[in-house]
Amino acid sequence: MSFNTYKKLRSHPLWGVALFMGITVAFHILWRQTLPWFEHASWYVALADFTTEQAYLAAAWINDLLIGESITRIDGSCTFRLEGAREGGRIFTGHLIIDHSCSGLKQFYQAIVLFLLYPGPWKHKAWYIPVAILVMHLTNILRIVALSFTMLYTYQHWDFVHDWVVRPGFYVVLFGLWILWEEKFRAKAKS
């Protein structure tokens, strides 16, 4: 491939989408392969404990405001106990456990890696990456709150909502962050 062909390929509108997808998929595969190692590293466990607790406390605050008496916090284990009336007057009781897989760390690292590797001005990356991490954290909190509502009001759909709605929601938010980066910061740097 000649340099001119490569340059023409890079100017194609789908080049950025392909690069976004490539970085995202490569990160996902690398994460899956290295997660067992991370889970045994003391720094990762400490960071996962911290971010799990922060996500739990923020979701608990929102749940307390919105759901009220139907939810009880079990702080020591980062667990919500949900109780609600069901058909025929039965009382539904469920537990929503917030563990390391709910910490948001994967999404934080994914945002960091994406915006470090993706082209663009470093002066903007210095503040955009922390903003992306904050957005991913807020998304994670909303995800936990949505799962609380799902467990309380439509428990039979919980697995579907967890696996096919809120989990892919992270990728939608990451894609939105990437579009903002591509249109507002990288495009301006190229011109």
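The values are calculated or read from the model by the stated rules, or taken from the named source; none is laboratory data. Just so we're clear, the structure is a prediction, and the values are computed from it rather than from any experiment. Here Cβ is always computed from backbone atoms with ideal geometry, including for glycine, and neighbour counts include all displayed protein chains.
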| Which condition number in (1) of a type in the set (Gly, Ala, Ser); (2) surrounded by 12 or more Cβ atoms within 10 Å (Cβ to Cβ); (3) farther than 16 Å from residue 62 by Cβ is the one that residue 104 fails? | (3)
| query | Is it the case that residue 141 is under 26 Å from residue 84 (Cα atoms) and under 12 Å from the mean Cα position of the chain (by Cα)? | reply | yes
| request: Take the range 1-35 and flag every residue that is modelled with pLDDT under 90, in contact with a helix residue (DSSP H, G or I) (Cβ under 8 Å, 6 or more places away or on another chain) and of a type in the set (Phe, Trp, Tyr). | output: 15
| Residue list for the range 42-80, restricted to those being hydrophobic (A, V, I, L, M, F, W, C), in contact with a helix residue (DSSP H, G or I) (Cβ under 9 Å, 6 or more places away or on another chain) and within 14 Å of residue 103 (Cβ to Cβ) | 45, 47, 48, 55, 57, 58, 59, 78
| query | Under 9 Å by Cβ, and 6 or more places apart or on different chains, what pairs join a residue from the range 158-181 that is under 13 Å from residue 110 (Cβ atoms) with one that is small (Gly, Ala, Ser)? | reply | 170/104; 174/111; 174/132; 177/111; 177/132; 178/16
| Which residues, taken from the range 64-78, are over 19 Å from the mean Cα position of the chain (by Cα) and closer than 24 Å to residue 106 by Cα? | 75, 76, 77
